[in-house]
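The values are calculated or read from the model by the stated rules, or taken from the named source; none is laboratory data. This one's a predicted model, so the numbers in the text were calculated from it and none came from an experiment. Here the Cβ is made from the backbone with ideal geometry for all residues, glycine too, and neighbour counts use every protein chain on show.
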Amino acid sequence: MAVLVHETLTNCQDGHHPPARQQVGVAGWIGGTIRLWRSRIRERQALDYADDHELYELGLSRWDAERDIARPFWRD
């Protein structure tokens, strides 16, 4: 049975945030990194729950999804 995910999958590869959200300093960098990692974890969990039809709509094969799911969250 498929689980519906109500969060939009985002492109976590660009790493660019609008200037209004950018923070200065080490604390801002750490916070941004943690937000990025959590986003990747959520996206990979959503891919894990997606059925083949949902993956097809995203333009992914099951193999592509499995490869993305297997990557550590700290890797792009």
Check your understanding: Hey, Ala46 hits all of (1) free of Cβ contacts under 8 Å to residues at least 60 places away in the same chain; (2) in a loop (DSSP other than H, G, I, E, B) but one; which does it fall short on?
Key -> (2)
Review point. Any residue at all in the range 12-27 that is on the phi > 0 side of the Ramachandran plot and at pLDDT below 95?
Key: yes
Review point. Among the residues of the range 49-76 satisfying the criterion of being in a loop (DSSP other than H, G, I, E, B) and under 15 Å from the mean Cα position of the chain (by Cα), which is farthest from Ile34 (Cα to Cα)?
Key: Leu60
